[in-house]
Amino acid sequence: MMTRSVLPILTVVMAIVALWYGGAVLMNKRWTMDQAARAGVELSLAEVVADTLSQDRPKLPAPHQVITELWNTTGAKVLEGRAFSKRSLIFHGWITLSATLLGFAIGTGLGIALAVGIVHNRAMDMSVMPWAIASQTIPILAIAPMIIVVLNSIGVQGLLPKAIISAYLSFFPVVVGMVKGLRSPDAMQLDLMRTYSASGTQVFSMLRLPSSMPYLFTSLKVGMAASLVGAIVGELPTGAIRGLGARLLAGSYYGQTVQIWSALFAAAILAATLVGLIGLIQRITLKRMGMAR
Amino acid sequence: MKTPVIKADHLDLVFQTNDGPVQALSDVSLDVEKGDFVSFIGPSGCGKTTFLRCVAALEHPTGGTLRVNGMTPDMARQERSYGYVFQAAGLYPWRTIARNIRLPLEIMGFSKAEQETRVQKVLELVDLAGFGNKYPWQLSGGMQQRASIARALAFDADILLMDEPFGALDEIVRDHLNEQLLELWARTQKTCLFVTHSIPEAVYLSTKIVVMSPRPGRITDVIDNTLPRARPLDIRDTPEFLEIAHRVREGLRAGHAYDD
Ligand SMILES: Nc1ncnc2c1ncn2[C@@H]1O[C@H](COP(=O)(O)OP(=O)(O)OP(=O)(O)O)[C@@H](O)[C@H]1O
Ligand SMILES: [Mg+2]
């Protein structure tokens, strides 16, 4: 079972890495050639390839450059005992992670509250959803600077504005998933509760809420990824100096492509870890509820 | 004279649908005495489910009067007069069998100890002792349906409403469950209202068979079952049995004559 799934994955990864190296050679070749021409030297093919894969500011950094940078800014820093220095991705990752988690918590709480309202209140059912959908049609890049500036003007800085942008993105999948989940019990199950003269609270806690669990976890995964995007976007407009978003921005200011790519990878690894963690909690929870076989 | 457990007088029920009104029940009058086992049989759409749902106060008649234990159906529900068994077992997948049966007891506020003893009692009654800790998906369809009957019995309602509870099961399982249901009925003295599409099932189980016909849904015949209460499965081959079955079939055919 393990080997059967590992082999295809490995093949795909190998193919991507090969393509990546090929792309790096092609995209960085120009600069190598120009430099050689300026210096008036002839380069052999091997020398060209070697140079394209070891430039300081390549158009496309090679995989090993990104991995080296990732190691230098994480593991190596830990070994030096400076895991939380300004040059450490662990430090920047932590900044982004804290905003992500706070935003995720706010967004999830808001999303669940709205979903409960929508399912139980006709007025909210009619009015909330259109606004929720409208909120997601506005590009986050347009609205993020406004949120930051407005909050800044009333003295709110740092973690909270970023978390609010995170929450803005992550509440939506939770609302949609939870509304669907809370409405998933069929007419017969609801009738059964009526024959017991069950109260609204009892129907909610004994039927609607447990039925919604699989839906909730699915939307939490989407919401977590959206939260991370929100936190990174929230770091862009202010010219922040801390966080993965700030690393991306600084990298692009100074043409530090290796730094950009390593920040991108750090973000991707962070997202995968967080979503995987939710998946794990989902498995454990559903298993304990007896819903997973 | 004793008052009937269920007394329907000239019940009418009209559903307002997008395609206009649908007369689901028309002038339905019926008395059910305590301890009766009444089967409802008739073609699809003749209002069997609707009648049961009226008794359970899940629908409300648009005309006539309906009394359950001398009360309105809504009051009777508050008094926990009936347990309802749906066509699908409808057990909650996140609860074990025992906790599924405990569901109505939790809602109705029985004490923990009382819940425990009642769950054990009804589990034995439907022959599922030892399966309390299983999840629904670990049980066969017939066992699940038995669990749902146990759930309806748990809070000791004296009326059991069953809407095609064995409709989705194969004949062999169904025979077995019919036998068990009769035994359970004899032991508990409940009043049973039972919807079915099967003539043998109706004749085998009932003390009274109500034949209905559609458009508009109404009662065309009420047949008193003269068979003795103790009924082994092979009673179904006796001439008495076949004669009653024949009457039911005739009643169904007569109802259909109104069609076309
Ligand atoms: N909620 C409803 N809204 C509108 N019409 C309904 C509703 N419930 C039932 N009906 C209609 O009332 C009539 C009687 O339906 P009912 O479900 O009682 O039939 P039934 O005898 O139980 O049929 P079956 O044997 O198929 O279960 C049908 O014509 C049906 O379409
Ligand atoms: Mg029906």
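Residue by residue through A:209-216, how many Cβ atoms from other chains fall within 10 Å of the Cβ on average? Can you show the working numbers first?
Working: counts 0, 4, 3, 0, 1, 0, 0, 0.
For this peptide, the per-residue mean of nearby foreign Cβ atoms is 1.
Could you estimate the translational diffusion coefficient of segment A:2-59 from the Stokes-Einstein equation, with Rh from the Kirkwood formula over C-alpha pairs, at 37 °C and 0.692 mPa s, in whole µm²/s?
Details: Rh = 13.0 Å.
Translational diffusion coefficient: 252 µm²/s.
Please state the charge dipole magnitude for segment B:119-237, taken about the Cα centre, from unit charges on C-beta atoms (+1 on K and R, -1 on D and E), reported in debye and rounded to the nearest 20. Walk me through the numbers before you get to the answer.
Details: 13 positive and 16 negative charges, 67 e Å.
Its charge dipole is roughly 320 debye.
Taking only protein heavy atoms into account and a 1.4 Å probe, give the accessible area per residue of chain B in Å². Numbers along the way, then the final one.
Values: 11480 Å² over 260 residues.
Accessible surface, normalised per residue, equals 44 Å².
In whole angstrom, note down how far apart the Cα centers of segment B:133-183 and segment B:38-84 are.
If you average the Cα positions of each part, the centres end up 20 Å apart.
Once neighbouring chains are kept in place and the probe is 1.4 Å, which whole percent of the accessible area of chain A is contributed by carbon and sulfur? Present the calculation step by step, with values, prior to reporting the outcome.
Details: 11040 of 15730 Å².
Reported share for carbon and sulfur atoms: 70 percent.
Run the accessible area of segment B:142-260 with a 1.4 Å probe and give the carbon-and-sulfur part as a rounded percent. Please report the intermediate quantities before stating the final value.
Details: 2700 of 5220 Å².
The C+S portion of the solvent-accessible surface of segment B:142-260 is 52 percent.
Give me the net charge of B:Asp158's neighbourhood, meaning all other residues with Cβ under 11 Å from the Cβ of B:Asp158; Lys, Arg count +1, Asp, Glu -1. Working shown, then result.
Details: positive: B:Lys34, B:Arg80, B:Lys190; negative: B:Glu79, B:Asp156.
Local charge sum for B:Asp158: +1.
In Å², and per residue, what accessible area does segment A:16-88 have when probed at 1.4 Å with the other protein chains present? Intermediate results must be reported in sequence, preceding the final value.
Numbers: 4780 Å² over 73 residues.
That works out to 65 Å² for each residue.
How about segment B:97-123: which of its residues lose at least 40 Å² of accessible area in the presence of all protein chains relative to their chain isolated, using a 1.4 Å probe?
Buried on complex formation: B:Ile107.
Interface A/B, total buried accessible area with a 1.4 Å probe, nearest 100 Å²?
Numbers: alone 16810 and 12480 Å², together 27210 Å².
Looking at A and B, the buried total is near 2100 Å².
Roughly how tilted is helix B:239-256, in degrees to the nearest 10 and between 0 and 90, from the longest Cα axis of chain B?
Orientation of helix B:239-256: about 60 degrees from the principal axis.
Mind checking the angle between helix A:244-253 and chain A's longest principal axis? C-alpha axes, 0 to 90 degrees, to the nearest 10.
Approximately 30 degrees, to the nearest 10.
Under a 10 Å cutoff between Cα atoms, tell me which one of B:Met75, B:Met162, B:Met212 has the largest fluctuation in the Gaussian network model of chain B.
B:Met75
Using protein chains only (no ligands, no nucleic acids) and a 1.4 Å probe, work out which residues of segment A:179-203 have their accessible area cut by at least 30 Å² relative to the chain alone.
At a threshold of 30 Å² (probe 1.4 Å), the residues of segment A:179-203 that become less exposed are A:Met188, A:Gln189, A:Asp191, A:Leu192, A:Arg194, A:Thr195, A:Tyr196, A:Ser197, A:Gln202.
What is the helix-to-structure angle for B:141-153, meaning the angle in degrees between its Cα long axis and the longest Cα principal axis of chain B, kept from 0 to 90 and rounded to the nearest 10?
With rounding to tens, the tilt is 90 degrees.
Considering the options B:Ala88, A:Trp31, A:His120, tell which one lies farthest towards the positive end of the dipole of the protein assembly as shown, charges being +1 on Lys and Arg and -1 on Asp and Glu at the Cβ, about the Cα centre.
A:Trp31
Using a 1.4 Å probe on protein heavy atoms, which residues of segment B:45-86 have at least 50 Å² less accessible area in the complex than alone?
Checking the loss per residue gives B:Leu58, B:Arg77, B:Phe86.
Residues of segment A:135-281: accessible area per residue at 1.4 Å, in Å²?
On the way: 6240 Å² over 147 residues.
Ligands and nucleic acids excluded, the figure is 42 Å² per residue.
Is the C-alpha gyration tensor of segment A:89-288 telling us rounded, prolate or oblate? Criteria: a/c under 1.5 is rounded; beyond that, a/b larger than b/c is prolate, otherwise oblate.
Working: a/c = 3.17, a/b = 1.93, b/c = 1.64.
Note, shape of segment A:89-288 comes out prolate.
Using a cut-off of 12 Å between beta-carbons, work out the net charge of the residues near B:Asp27 (Lys and Arg +1, Asp and Glu -1, B:Asp27 not included). List each step's numbers first, then the result.
On the way: positive: B:Arg218; negative: B:Asp9, B:Asp12.
Residues near B:Asp27 contribute -1 overall.
Between B:Pro200, B:Pro43, B:Pro232, which gets the highest mean-square fluctuation from a Gaussian network model of chain B, Cα cutoff 10 Å?
B:Pro232
Counting Lys and Arg as +1 and Asp and Glu as -1, each charge on the Cβ, what is the dipole of segment A:2-59 about the Cα centre in debye, to the nearest 20?
Around 260 debye, computed over segment A:2-59.
To the nearest 20 debye, what charge dipole does segment A:89-288 have about its Cα centre, counting +1 at the Cβ of each Lys and Arg and -1 at the Cβ of each Asp and Glu?
340 debye
Using Cα positions and a limit of under 30 Å, work out the lysines in reach of A:Lys287, with same-chain residues fewer than 8 apart set aside.
A:Lys180, A:Lys221, B:Lys112, B:Lys121, B:Lys134
The values are calculated or read from the model by the stated rules, or taken from the named source; none is laboratory data. Quick caveat, the model's predicted, so the values are computed rather than measured. Note: ideal-geometry Cβ built from the backbone for every residue, glycine included; neighbour counts use all protein chains shown. Side chains are part of the model used for accessible areas, which takes the heavy atoms of the whole protein and leaves out ligands, DNA and RNA. Shrake-Rupley method; radii C 1.70, N 1.55, O 1.52, S 1.80 Å.
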